[in-house]
1. What order do you get for 33, 43 when you list them from fewest to most C-beta neighbours inside 10 Å?
2. Taking the simple approach of a point 7 Å from Cα along Cα-to-Cβ for both residue 187 and residue 201, what is their distance in nm?
3. Based on the alpha-carbon gyration tensor of segment 145-213 and its eigenvalue square roots a ≥ b ≥ c, which shape applies: rounded if a/c is under 1.5, prolate if not and a/b is larger than b/c, or oblate?
4. Taking amide H positions as placed 1.01 Å from N in the peptide plane, with prolines and chain starts having none, which residues 5 or more places from residue 44, or on another chain, fall under 5 Å of its amide H?
5. What is the fewest-to-most order of 45, 199 by other Cβ atoms lying within 10 Å of their Cβ?
6. List every DSSP H helix in the chain whose Cα atoms extend 24 Å or more along the helix's own long axis and whose mean Kyte-Doolittle hydropathy is at least -1.0.
7. Output the antiparallel fraction of DSSP beta bridges having both residues in the chain, as a percent to the nearest 5.
8. Label-point separation (nm) for residue 107 and residue 138, each offset 7 Å from Cα along Cα-to-Cβ?
Amino acid sequence: MEFGKLLEIVGEEPVFETGLLLCGDVDTKDIRRQLSRWVNGGRIVQLRRGLYVLARPYRRIEPHPFVVANRLVVPSYVSLQSALGFFGLIPEGVPATVSVTTKRPGRRSTDLGEFAFRHLKVEMFSGYTRMDVGHGQKAFVATAEKALIDLVHLHPKSDAPGYLAGLRLQNMDKLDLAELERLAFKSSRPKLQRAVTAVRDLAEQEAGEYQPL
């Protein structure tokens, strides 16, 4: 396969897998050899075994970190601080894109950034949707409410009012407090229920600060 043919096949895909090139009557061994040569030649970047991205001079689209995270570990969805930042609910930037997965936790360092994966039990692996993250790219991302629930669930002592205040939650009118409460009680975890009560207090405080005179 010529490199021009690869560019034609990949098109505007932000990342691609080996399987994309193995359709039809092709020489599998030759394709794999070519991929290795293109990686060594700096034309493509390997993100993990079987997953690649075109090197910057050849890309038609810059891969969104959330899309990359989804493809690095399957199944997974972006959550915790990364999702909260995406929705504008916390002010700080997050150095790594944080996701949850039912697989083993871990961290991956790539040319496209740092990616962290936290383990979540199957019964908690829900509350996410496939959404537009910009430039026509779509990724699985927790809802704002589930991202906060995941954060509290996975961090020790995170139901304490001091911890939640330290998150510096903002724009809390975007949170559906009834949905947050539903998720907490569905889990039957007292820790989450206590956290929701504290979050509701913070939301009321924020609303009171911005009431018109």
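1. So the residues, fewest neighbours to most, are 33, 43.
2. It works out to 1.8 nm between the two label points.
3. Prolate, because a/c is 1.5 or more and a/b exceeds b/c.
4. Long-range HN contacts for residue 44: 39, 55.
5. Taking fewest neighbouring Cβ atoms as first place, the list is 45, 199.
6. Helices passing the filter in the chain: 190-209.
7. Antiparallel bridges make up about 75 percent of those DSSP assigns within the chain.
8. Taking the simple label geometry, residue 107 and residue 138 are separated by 3.3 nm.
The numbers here are math on the coordinates, done by the rules we state, and not lab data. Just so you know, these numbers come straight off a predicted model, no measurement behind them. Reconstructed Cβ throughout: ideal geometry from the backbone, glycine too, with neighbour counts over all protein chains shown.
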